[in-house]
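Just so it is clear, none of the values below were taken in a lab; they were calculated from the coordinates. Being a predicted model, the structure only gives us computed values, none of them experimental. Note that we place each Cβ from the backbone using ideal geometry, even for glycine, and neighbour counts take in every protein chain shown.
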Amino acid sequence: MQLEQLLLAHGQGLHRSEIARRLGVHRSTAARYVTELGSFLPITEDDKGLVGINRASYLSNIRLTIHESLSLYLASLLMADRMDRFNPHAASA
């Protein structure tokens with residue numbers, strides 16, 4: 001999770017050595033972390049060696065309480081009901 005947050009905070013990407021320094025681990029450990037995270041997230045590495053997250057295909061997970069979830073659900077129902085045009089995003093939410 002630390003690596004994911006680090007890469008999200010640095011949109012331009014980071015070198016593996018910089019990742020290792022910021023996480024306080026050896027470069028080979030950072031390389032393993034990047035490889036492992038790549039199986040779960042859309043990790044990119046450019047020709048300059050900058051590692052980053054492809055934000056176009058990145059899906060973030062949010063954690064909501066039951067009350068927050070219910071509030072969002074009711075708000076989207078109200079919005080879908082009151083709009084003059086059909087909004088498929090609000091309806092599917």
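Working from Cα positions, state the angle (0 to 90°, nearest 10) between the long axis of helix 66-82 and the longest principal axis of the chain.
50 degrees
What length, rounded to one decimal in nm, is gained on full extension from E68 through to A56, with 0.36 nm per residue of separation minus their alpha-carbon distance?
The E68-A56 span can extend by a further 1.7 nm.
Most fluctuating residue of A56, A80, A30 in a GNM of the chain with Cα springs under 10 Å: which is it?
A80
Where in the chain is the longest stretch that carries no trypsin sites (Lys or Arg not before Pro) classed as loop by DSSP and with at most 14 other Cβ atoms within 10 Å?
1-47
Hey, of (1) 51; (2) 34; (3) 66, which did the structure itself give for percent of Cα pairs over 20 Å apart when calculated?
It is the value labelled (1).
Pairing the Cα long axis of helix 27-38 with the longest principal axis of the chain, what angle in degrees results, from 0 to 90 and rounded to the nearest 10?
Between helix and principal axis, roughly 30 degrees.
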